[in-house]
Amino acid sequence: MKLGATVGIGVVVIGLVAGGLVYAHQQHPTTSITKSSQHTSKQTKSATTKPYPVQVKAGSTEATTLMVVNKKHPLPADYNPYNGGLSPKTNQAKDELISAMKAAGFNVGDTVSGYRAYDYQKTLYDGYVAGQGQAAADSVSARPGYSEHQTGLAFDLRSSTGGLFAEGGSDPDAAQWLQDNAYKYGLIVRYPEDLTTSTGYDHEEWHMRYVGKRAASVITKYHLSLEQYTGNAGGDYNKSKSADIPALEEYSATYKDRLTK
């Protein structure tokens, strides 16, 4: 049996006191205490190390899966990687999620709003501006070229009657279920209610984004935005487009530049 770190090397000292023998057992710390303390310190440091922001290799499959398209990271107008649809993995995740939601008793439809071309997004955005003004439109709709829907990695869930799923807090149980379970399918709720400063958009219970199961698990566990997980800047539009970092090049830029622009 190994003794604890407080056990040292015992030294017995014999002395004469009042005509008798006195044994004094002195403790001296050993080097094992120092090693134990160092080991504990390393363990504590390791335990507090955050698994984000992640390091992503430019040009890799992961760089595509974790592409951040937001108000500071636009796409080219002609970007259409999956011929007007969702990526195969996103489509599979979508089908599995909807199946699980139906099994859980939620009123979700089979159809979603998936890929959106640049021109279609322009029509949508212009409509919001005309009806609400640009400031309000920017909080709920992306400007053309800045929409995540153009990646083919995002989709909006719909109810069985065709409206946006759980819109406006109409089904809080369903919204909570999505936040708690979407990661199992490699998906995240892209625009959480309390992370609008990071994402740049109002809360959308229905907007799902495919990031893969590993990333989705970390994002869900630590309650992160995709911006926080990847280290890409979020929030509002830059004052000048010259400060934007194109989404297709964001992982070619240094972390410091991506974070501060």
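The values are calculated or read from the model by the stated rules, or taken from the named source; none is laboratory data. Computed from a predicted structure; not experimentally measured. Cβ sites come from the backbone with ideal geometry, for glycine too, and all protein chains shown count toward neighbours. With ligands, DNA and RNA removed, areas are computed over all heavy atoms of the protein, side chains included. Shrake-Rupley method; radii C 1.70, N 1.55, O 1.52, S 1.80 Å.
Data for the structure
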item	result
Alpha-carbon gyration tensor eigenvalues x 5, square-rooted, for the stretch 79-172, Å	25, 19, 9
Rounded percent of accessible protein surface that carbon and sulfur make up, the stretch 138-261, 1.4 Å probe	47 percent
The stretch 203-261, relative contact order in percent, only Cα pairs under 8 angstrom and at least six apart counted	31 percent
Local electrostatic count, N91, Cβ distance below 15 Å [Lys/Arg +1, Asp/Glu -1]	-1
Filter on K122/K241; K72/K102; K57/K221 - keep pairs with C-alpha separation over 26 Å	K72/K102
Projected-area average for the stretch 172-261 over all orientations - Cα convex hull basis, square nanometres	6.1 nm²
